[in-house]
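Each value in this text was obtained by applying a stated rule to the coordinates, not by laboratory testing. For clarity, every value in this text was computed on a predicted model and none was experimentally measured. Quick reminder, even Gly has a Cβ in these numbers, built from the backbone with ideal geometry, and neighbours come from all protein chains shown.
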Amino acid sequence: MSILVAAVVGCLALGPFKSWKALVNVITAATAIMYAFAPVSLAALHKIDGRRPRSYRVPMPSLLLPAAFCSANLIIYWGGFETTWKLACAICIGLALFAVGAWSSHTAAGHTLRNAVWILPWFGGQVLIGFLGRYGNGARNFLPNWVDIFVVIVFALAIFYWAVNVALTIEAAQAAVEKDAPQIDYATGE
C-alpha cells in the first residue's frame, strides 16, 4: 500500500513539470532562494545584536556573507529564466496569502513589512536579469558572457546591503527577544 501511495504522490509532484530535470531545476532554485535569506539574516543580526554571546562566529563575515548571497543569486540565475519567473510568481502568491492570513488574524506581521520591502524587488530583478540573460527557455541572450555574471553580482550586492540596512532596529530586536524569552530559555534548557 505504501508503494502505491508513494507512486501517486510522486506522479502528482512531477505532474506540473515536463521532465525530471525541470523538477530538479525548480528544487535547486527554490533551495538557493531559501539559502539566500541566511546571509542576509546573519548580517542583520550582526548589525543589530552583534555583542550577544554565541558559540560560533562566522569568520570574515563582511566578506563571506555578501559572497554567500551572491553565490545563491548566481545559482538562481543559472537555473534559467523559465524556472526563475515561475518560482517568483509562486513565492509572490505565497507572500500574498501570508499577508491576507496575517491581516485577517490581526497579527503584528504588518508592522515588519518595512523590513521585507527588499524581497519583491529582489525577485523582480532576478526575473529581469534572467530574461535578459542566456539561461533557460525564454531568455533573450542580451547580456554577453561574463557581463551577465557581473550584473548578477552587482545586483545581488546592492540588494544584500539594502536588505541588511532595512533590518529591525536594535530596540525592535530587543523587544522581540524579550517577548520570546520564555521559549528561548526553554529551548536552550536554561
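By counting other Cβ atoms within 10 Å of each Cβ, how are 11, 89 ranked from fewest to most?
11, 89
By average Cβ neighbour count within 10 Å, what is the ranking of 64-76, 127-139, 19-31 from highest down?
Numbers: 64-76: 20.1, 127-139: 18.2, 19-31: 15.1.
The packing order, highest mean first, is 64-76, 127-139, 19-31.
Rounded to the nearest 500 deg cm²/dmol, what is the calculated helix-only ellipticity per residue at 222 nm for the chain, with -39500 (n - 2.57) per DSSP H run of length n ≥ 4?
Value at 222 nm, helices only, nearest 500: -24000 deg cm²/dmol.
Using 0.36 nm per residue, how much length does the chain from residue 178 to residue 96 gain when fully extended, once their Cα-Cα distance is taken away?
Result for the pair: 26.6 nm of gain on full extension.
Taking neighbour Cβ counts within 10 Å as the exposure measure, how do 83, 107 sort from fewest upward?
Fewest to most other Cβ atoms nearby, the residues stand as 107, 83.
Could you give the alpha-carbon Rg of region 32-93 over 2.2 N^0.38 Å, rounded to two decimals? Intermediate values should be presented prior to the final figure.
Details: Rg = 14.4 Å, N = 62, 2.2 N^0.38 = 10.6 Å.
Relative to the rule-of-thumb radius for its length, region 32-93 sits at 1.36.
Please arrange 114, 57 by how many other C-beta atoms lie within 10 Å of their C-beta, fewest to most. List each step's numbers first, then the result.
Values: 114 11, 57 8.
Final ranking by Cβ density, sparse to dense: 57, 114.
Please report, to two decimal places, log10 I(q)/I(0) for region 1-155 at q = 0.19 Å⁻¹ as given by the Debye formula with identical point scatterers on the Cα atoms and no solvent.
Log-scaled intensity ratios, in q order: -1.19.
When the expected Rg is taken as 2.2 N^0.38 Å, what fraction or multiple of it is the alpha-carbon Rg of region 115-177? Kindly include the intermediate steps, with their values, before the conclusion.
Working: Rg = 15.7 Å, N = 63, 2.2 N^0.38 = 10.6 Å.
Cα-based Rg divided by the globular estimate yields 1.48.
May I ask you to compute the full-extension gain from residue 71 to residue 115, defined as 0.36 nm times their residue separation minus their alpha-carbon distance, rounded to one decimal in nm?
Gain on extension, residue 71 to residue 115, equals 13.6 nm.
If the elastic network links every pair of Cα atoms under 10 Å, which of 176, 88, 158 fluctuates the most in the Gaussian network model of the chain?
Largest GNM mean-square fluctuation: 176.
Report the residue, chosen from 44, 172, 36, that carries the largest GNM mean-square fluctuation when the chain is represented by alpha-carbon nodes joined by springs under 10 Å.
172
At a 10 angstrom cut-off on C-beta neighbours, averaged per residue, how do the peptides 46-52, 146-152 rank from highest to lowest?
Ranking the peptides 46-52, 146-152 by packing returns 146-152, 46-52.
Which shape class, rounded, prolate or oblate, goes with region 70-190 when its Cα gyration tensor gives a ≥ b ≥ c as root eigenvalues, a/c under 1.5 marks rounded, and past that a/b bigger than b/c marks prolate?
Since a/c reaches 1.5 and a/b is larger than b/c, the shape of region 70-190 is classed as prolate.
So, R0 is 22 Å and r is the distance between the beta-carbons of residue 6 and residue 35; what FRET efficiency does that work out to, to 0.05?
E between residue 6 and residue 35, to the nearest 0.05, is 0.20.
Enumerate the amide H contacts of residue 135 below 5 Å, restricted to partners 5 or more residues apart or on another chain; note that Pro and chain-start residues carry no placed amide H.
81
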